[in-house]
Amino acid sequence: MKLKELSLENKIVSFEKPLIEVKRGLGLTKENFDLLPLLDEAITDLKVEGTFQTIYSHWFSQKDINTISQSTFYKILIILVIVLIILFIYIYGNNKLKEQYKKQKKLEKKLNSAQEIAKLGHYSYSFNKDLFVCSKQIDEIIGIEENSVKNVDLWIKCIHPDDQQRVALYWASCLNKGVDYKIEYRFINQKTKEIIWVVALGEISRDKNHNPITMFGTIQNIDERKKTEEELTQAMMVFENTNDGILVTDKNTNIINVNKSFEITTGYSLKEVINKKPSMLKTDLNKDSFYKKMWSDLNTKGVWSGEIINKKKDGSNYYEFLTINVIYGINKEVNGYIGIFSDITQQKSDEKMLMTQSKVAAVGEMLGNISHQWRQPLSVISTHATGIKLKLELEANLEKEEICESMENINKQVQYLSKTIDDFRNFFKGDTNDIQEFTLKDAFSKLEQLTKDSLHNNYIKYETEIEDLTLVLNENLFIQALINIYNNAKDAMVDNIENSDDRFLFVETKVVNEKLEILIKDTGYGIPLNIIDKIFEPYFTTKHSSVGTGIGLYMTNQIITKQFNGQIFVSNIEFENNRKILSGAEFRIVLPLEKK
């Protein structure tokens, strides 16, 4: 403070760096030597205040620990650099080790995951110690604890009894021949008792004397693969030995495989049809619309089934019931097609015979019923003919107009009889494969002409409500299917209803969900419940053999379901008519309508 008061701060020189070797102190220049008394006084004041000793010791008595020589400084610097380098190397190496350790753990984790996915484990076996060391995947396959003592005896014990001898012999053979180990066999899981197929691989290490030392290998659970192989084997056996013909194509409909039944049925061998189209079997009997419908179903539904006429190698035709399925890939793309068919040629022949029998039975019954009605036109013809003859014999005068009138009446009756004969002839000789358009009203009109005499003679009243629709079917088969139902209803009412006023046959048609429904109901008290499920079976009848054949309703069912791809149902119902409760059977026919 005194220095400041005397304005002497600038007169004092402080020796600091870079004069490092000089101890700290205060000095006076020669020009200002007269200031020495004042400096002494200042030092004296410091002594009095008690801080002198501290300052003095710090300035003059102690050595400066921060003051080192240049050579010492460089030595220390070099040591520090070396330490830093060693520390950097240690840290860098340690990080590398940690990184490698992490990578190793990650690889081990991936390996374990891969082994779990593949259901595979690894093992090592010491021949000298008779000791196995294996991964947890193998422990899980065999069903043993991780800390179990694993030797050959335990290994053999866990193998299926039927495989133990085979595995032991193979093991000995590998040791003797010096070859690696690969075999499939079955384990019995010791916990679950489940039988598991495995494939075991092993590589044997040997010493210089060719003695086995260790074996390292893997064991994989192949149970699913073996089951798949078994299923494929079974499928192949079915493919080769089934009575149905099977044809497989690629997505472009090129044939890639057929089975033996295909070869037997068609006469073509696999070599003759490979890479060819199934259309090589095609005939002209199936119309283009038939194939368009087939491909429409395949493209929209993935499946088609129906009857088709194809051609054999020898040129002869055969009937088959064919089902085609689309083979889809993972992404729902079309990979190919598989067709399975049954040769139904004999069945169609039998059905044709039954159809003929059914028609004969129906026609015979109707002819018997209309014989009464034919008496009237025959009587008219006879009256006119005998009248003219009598007048000629009596030489009576015959006017031209009288002769013409008689001839006209005779001609009308003959035309009526001729039309009746034509109706029956067309019905009886109609081609069952002929599919044409016809109106529903026209079909029911023809049906009425064929059945009205039978119904009239048995006092059965007939009421209809017919839609104005067009069908694309075989009209004769359609009429025959309904005639069989009409006859069944007529017989039920004649047998069960004494009061002829209660004999009714109602027919109604309607469109429901784009399908035609035909409802036919009678008042014959219905069908006994113990036989209602059997009425569509062939040759089933409740009538005497001289009256019924048992094929009428069977043929109706065949026509509706097989020929028309429709459905037919029967049930017993009660309904009201003219304020009177009646009961009977109701047949419901459902037919698909052709989309225009």
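The values are calculated or read from the model by the stated rules, or taken from the named source; none is laboratory data. In this text, all values refer to a predicted model and were calculated from it rather than measured experimentally. Every residue, glycine as well, gets a Cβ built from its backbone with ideal geometry; the counts of neighbours run over all protein chains shown. When the accessible area is computed, the model is the full protein with side chains, heavy atoms only, and any ligands, DNA or RNA have been set aside. Shrake-Rupley method; radii C 1.70, N 1.55, O 1.52, S 1.80 Å.
Some notes on this structure:
- Checklist (1) in a strand (DSSP E or B); (2) of a type in the set (A, V, I, L, M, F, W, C); (3) in contact with a Lys or Arg (Cβ under 9 Å, 6 or more places away or on another chain) applied to LEU471, failing item: (3)
- Flag if ASN409 is modelled with pLDDT under 85, over 21 Å from VAL507 (Cβ atoms) and not in a helix (DSSP H, G or I): no
- Residue under evaluation ASN572, criteria (1) open to solvent by 20 Å² or more (accessible area, probe 1.4 Å); (2) touching a strand residue (DSSP E or B) at 6+ places or on another chain (Cβ under 7 Å); (3) modelled with pLDDT of 90 or more; (4) closer than 20 Å to LEU471 by Cα, criterion not met: (4)
- Flag if LYS510 is surrounded by fewer than 19 Cβ atoms within 10 Å (Cβ to Cβ) and within 48 Å of the chain's Cα centre (by Cα): yes
- Matching residues in segment 239-252 - criterion: being surrounded by fewer than 14 Cβ atoms within 10 Å (Cβ to Cβ) and under 19 Å from TYR328 (Cβ atoms): LYS251, ASN252
- Residues satisfying the stated conditions in segment 254-293, i.e. among the aliphatic types (A, V, I, L, M) and in contact with an Asp or Glu (Cβ under 6 Å, 6 or more places away or on another chain): ILE256
- When ARG166 is tested against the conditions (1) open to solvent by less than 90 Å² (accessible area, probe 1.4 Å); (2) in a helix (DSSP H, G or I), the lone failure is (1).
- Within segment 320-335, the set of residues being part of a loop (DSSP other than H, G, I, E, B), within 15 Å of THR249 (Cα to Cα) and either open to solvent by 60 Å² or more (accessible area, probe 1.4 Å) or touching a residue at least 40 places away in the same chain (Cβ under 8 Å) (or both) comprises GLU333 only.
- Between LYS193, LYS182, the distinction of being assigned to a strand (DSSP E or B), open to solvent by 90 Å² or more (accessible area, probe 1.4 Å) and not acidic (Asp, Glu) belongs to LYS182 only.
- Condition met for ASP442 (modelled with pLDDT of 90 or more, part of a helix (DSSP H, G or I) and either open to solvent by 50 Å² or more (accessible area, probe 1.4 Å) or farther than 30 Å from GLU574 by Cβ (or both)): yes
- The condition of being charged (D, E, K, R) and crowded, with 20+ Cβ neighbours inside 10 Å does not hold for ASP491.
- Unmet requirement for ASN476, which otherwise passes all of (1) assigned to a helix (DSSP H, G or I); (2) touching a helix residue (DSSP H, G or I) at 6+ places or on another chain (Cβ under 8 Å); (3) within 24 Å of VAL570 (Cα to Cα); (4) open to solvent by less than 20 Å² (accessible area, probe 1.4 Å): (4)
- Of residues in segment 514-569 being among the acidic types (Asp, Glu) and surrounded by fewer than 21 Cβ atoms within 10 Å (Cβ to Cβ), the one modelled with the lowest pLDDT: GLU537
- Being out of contact with any Gly (no Cβ under 9 Å at 6 or more places or on another chain) and free of Cβ contacts under 8 Å to residues at least 40 places away in the same chain is a property that does not hold for ASP139.
- Matching helices (runs of 4 or more DSSP H) fully within segment 36-144 where at least 3 residues are modelled with pLDDT of 65 or more and of a type in the set (A, V, I, L, M, F, W, C): 36-49, 70-117, 136-142
- The condition (being modelled with pLDDT of 75 or more, part of a helix (DSSP H, G or I) and loosely packed, with under 14 Cβ neighbours inside 10 Å) is satisfied by just one residue among GLN376, GLN346: GLN346.
- Any hit, segment 227-238, residues being within 30 Å of TYR337 (Cβ to Cβ), surrounded by 12 or more Cβ atoms within 10 Å (Cβ to Cβ) and not hydroxyl-bearing (Ser, Thr, Tyr): yes
- Within segment 479-489, being closer than 14 Å to LEU519 by Cα and hydrophobic (A, V, I, L, M, F, W, C) holds for ALA481, LEU482, ILE483, ILE485, ALA489.
- Of the residues making up segment 483-526, those that are closer than 22 Å to ASN578 by Cβ, β-branched (Val, Ile, Thr) and not in a strand (DSSP E or B) are VAL494, ILE497, THR523.
- Residue check, LYS177 over 35 Å from the mean Cα position of the chain (by Cα), open to solvent by 40 Å² or more (accessible area, probe 1.4 Å) and modelled with pLDDT of 90 or more: no
- Test result for ILE188, modelled with pLDDT of 90 or more, within 16 Å of GLU140 (Cβ to Cβ) and open to solvent by less than 60 Å² (accessible area, probe 1.4 Å): yes
- Selection of first residues in segment 433-459 that are at positive phi and of second residues that are surrounded by fewer than 15 Cβ atoms within 10 Å (Cβ to Cβ), restricted to Cβ pairs under 8 Å at least 6 apart or on distinct chains, gives the following pairs, ordered by first then second residue: TYR459/SER500.
Matching residues to (1) surrounded by fewer than 13 Cβ atoms within 10 Å (Cβ to Cβ); (2) touching a residue at least 24 places away in the same chain (Cβ under 8 Å):
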| residue | (1), (2) |
| --- | --- |
| LYS271 | yes, no |
| LYS276 | no, no |
| TYR291 | no, no |
| ASP297 | no, no |
| VAL303 | yes, no |
| ASN310 | no, yes |
